[in-house]
1. Using per-residue counts of other Cβ atoms within 10 Å, averaged over each peptide, order 110-122, 182-194 from highest down.
2. Percent relative contact order of the chain, based on C-alpha pairs within less than 8 angstrom and at least six residues apart?
3. So what is the diffusion coefficient of region 24-140 in µm² per second by Stokes-Einstein at 25 °C and 0.890 mPa s, using a Kirkwood Rh over Cα pairs?
4. Quick check on the chain: take the gyration tensor over C-alpha atoms, sort the square-rooted eigenvalues as a ≥ b ≥ c, and tell me if it's rounded (a/c under 1.5), prolate or oblate.
5. Can you return the lysines within cross-link range of Lys38? Criterion is Cα-Cα under 19 Å, with same-chain partners fewer than 8 residues away left out.
6. Could you please state, rounded to a whole Å, how far the C-alpha centre of region 45-106 is from the C-alpha centre of region 127-181?
7. Tell me whether region 44-99 comes out rounded, prolate or oblate; compute the Cα gyration tensor, take square roots of the eigenvalues as a ≥ b ≥ c, and use a/c under 1.5 as the rounded threshold.
8. Can you tell me the orientation of helix 166-175 relative to the chain, as the angle in degrees between its alpha-carbon axis and the longest Cα principal axis, to the nearest 10?
Amino acid sequence: MRLNSYEGKRLLALARGGDYAHAGETESIDLVWNPLPKNPTQKILDAGCGRGGTAAYIHRAGWGQVTGFDIESESIVRARETYPGITFDVCPVEQCESIGAAAFGIICCFNSFYAFSDQPAALRALAHTAKPGGKLAIFDYTDPGSFKDSPLGRHVELLHWHPLILTSIGPMLSDTGWSLETIQDITPEYTRWYKNFASRIHELKPKLIEECGLETWTYASNFYDMMHDTLLTAHMGGAIIYASRQ
C-alpha cells in the first residue's frame, strides 16, 4: 500500500472532498496563488498534478490556462475524464520540457517536490519550461534537520521522501536556473490542516472502508495520525517557496 498511488490518491480525494492530494485543499491553493498575477491567457504548469483537482481549481479561479502532468498514469486518465477542458500529460518531471519549452508564465508544485528523486534535475527541467522571468511556487513539507530520525521519517513509504531543507533551497535554485524570491514558513497552517485531516479520516471511517477497504483505511488513518504527531513535535514543517526564472 502506498498513499502516493492511484488507490491512495483516491482515498485522499474522498477524505478531502475533492481531487486534491495536498494539505489544506482549496485554502492552501488560495494561500499560494493570491500573491501571483491573474491573467486568463497566461500559461500555467502544475507539476505533479495527481487527479487534477488543483489544476481545475486554478483554472476556474481565473489565474490562467493550466496544463498538469504527473508520472502516475491512472491519475492522469481520471483527470482527463473529469476535467476535459484542461490538458493533462503523463510525464516524469525530468522530461517535462517536452510539454512546452519556454512556454509557461507560472509553474507550481503542490506537495509534489518532496517526491522528486533528483530535485536539481527537476528544477532544471522546470526552468526550461518557464518563460524568462516566469514564476515558480513550491508548496511542500520542510525538514528542520530531524525528519529522518522521526518515526514518520523512518516509515517505509517515506524512505524516498525529500522534504525541503530551507538552508539549501536558495543555492539549489540558483544552480538550476532560478532566483529565490521569498520563503514563507507555514508550519502552523500545516499542523492545523493535518490535525483536521487526520480527524476527518476517522470521522469518515464507514464511508472510506466501504469505498476503499478496511486495510487501506487502517493504513491511511495510522499514517496521518503519525503525520500530525510529526508536525506537533517539530520534526517536520511546511513552507511556500517563490522563485523566478533567471
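Just so you know, all these numbers are worked out from the coordinates, no wet-lab data involved. Quick caveat, the model's predicted, so the values are computed rather than measured. Counting neighbours? That spans all protein chains shown, and the Cβs are built from the backbone with ideal geometry, glycine included.
1. Values: 110-122: 19.1, 182-194: 17.1.
For the peptides 110-122, 182-194, the packing ranking is 110-122, 182-194.
2. Values: 458 pairs, mean separation 49.7, N = 246.
For the chain, the relative contact order is 20 percent.
3. On the way: Rh = 13.8 Å.
The diffusion coefficient I find is 177 µm²/s.
4. Values: a/c = 1.74, a/b = 1.27, b/c = 1.37.
Taking the square roots of the gyration eigenvalues as a ≥ b ≥ c, the chain is oblate.
5. Reachable lysines: Lys131, Lys135.
6. Cα centroid to Cα centroid, the span is 20 Å.
7. Details: a/c = 2.13, a/b = 1.28, b/c = 1.66.
Oblate shape, in that a/c is at least 1.5 and b/c is the bigger or equal ratio.
8. Compared with the principal axis, the helix lies near 30 degrees.
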